[in-house]
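Okay, so here's the structure we're looking at.
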Amino acid sequence: MRLRVLCAASLLLVVLPAPASASGGLWKLTDLAAQRVQIADKVAAAKFGTPSPIDDPVREQQILDSVAAKAPGLGLDAAGAVRFFRDQIEANKVVQRGLYARWTEHPGTRPPGRPDLGTEVRPVIDRLNAGLLAELAETRDARARRSCDVRLAVTVRLTDARRGLDRLHSEALTESVGSACARP
């Protein structure tokens, strides 16, 4: 009986919008991370078949330097914020590599167009990064709780289900929030 109630409650959480306070307030942070994982599709589409490599150390360092500079003003530990954003970047590259492999093996699945990285994709990433940094600050207390890992795992699974992520994106989402609960 108890298992049936838990399953029903989980189903309701998947179907209904998540309240801001659910799972310790980690919903928005997790959803923004999921959006950032999903934008990797456009990054991959912009780079695939071009000389642009998946790894972009200059761009990555710009993001990490910006995060490190802004974090203290938001009451965040700069090293912890950088660690979280490094996870975002690495998760994005996991998706890009997975898509490259898929598109190489199955050319018919390649995207029909190539979005412009500078004008179409990076502004979205910049907006998501700003939101993620703000949510890191907003969720500081929830992320410091001993229950954070469990709450985050539940939130990741429910966000995954809500967004209908495939295995590649689901694994990347899990990686992208890996250090969210890390204690300084």
_Subset of segment 40-49 [farther than 15 Å from Asp87 by Cβ and modelled with pLDDT of 95 or more]_ = Asp41, Lys42, Val43, Ala44, Ala45, Ala46, Lys47, Phe48
*asked:* Residues that are over 22 Å from Glu138 (Cα atoms), open to solvent by 20 Å² or more (accessible area, probe 1.4 Å) and acidic (Asp, Glu): does segment 64-75 have at least one?
replied: no
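Scan Asp56, Asp77 and give me the residue that is among the charged types (D, E, K, R) and without any contact (Cβ under 8 Å) to a residue 40 or more places away in the chain. If you could, list the steps in order and put the result at the bottom.
Numbers: Asp77 fails: without any contact (Cβ under 8 Å) to a residue 40 or more places away in the chain.
Within the list Asp56, Asp77, the selection yields Asp56.
Inspect segment 128-141 for any residue being open to solvent by 40 Å² or more (accessible area, probe 1.4 Å) and polar (S, T, N, Q) and give the result as yes or no.
At the first step, the residues of segment 128-141 found to be open to solvent by 40 Å² or more (accessible area, probe 1.4 Å) are 130, 134, 138, 140-141.
So of that shortlist, the ones also polar (S, T, N, Q) come out as none.
No, segment 128-141 contains no residue that is open to solvent by 40 Å² or more (accessible area, probe 1.4 Å) and polar (S, T, N, Q).
In segment 142-157, how many residues are in contact with a helix residue (DSSP H, G or I) (Cβ under 8 Å, 6 or more places away or on another chain), open to solvent by 20 Å² or more (accessible area, probe 1.4 Å) and assigned to a helix (DSSP H, G or I)?
Residues meeting the conditions: 3.
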*asked:* Which pairs turn up if I take residues in segment 160-175 that are within 17 Å of Arg102 (Cβ to Cβ) and look for partners that are open to solvent by less than 50 Å² (accessible area, probe 1.4 Å) and among the acidic types (Asp, Glu) with beta carbon separation below 7 Å, at least 6 apart in sequence or on another chain?
replied: Ser170/Asp160
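The values are calculated or read from the model by the stated rules, or taken from the named source; none is laboratory data. Only a predicted model underlies this, so the values are computations on that prediction, with no experimental measurement involved. Positions of Cβ are generated from backbone atoms using ideal geometry, with glycine treated the same way; all protein chains shown enter the neighbour counts. Calculation scope for accessible area: heavy atoms of the full protein, side chains included, ligands and nucleic acids excluded. Shrake-Rupley method; radii C 1.70, N 1.55, O 1.52, S 1.80 Å.
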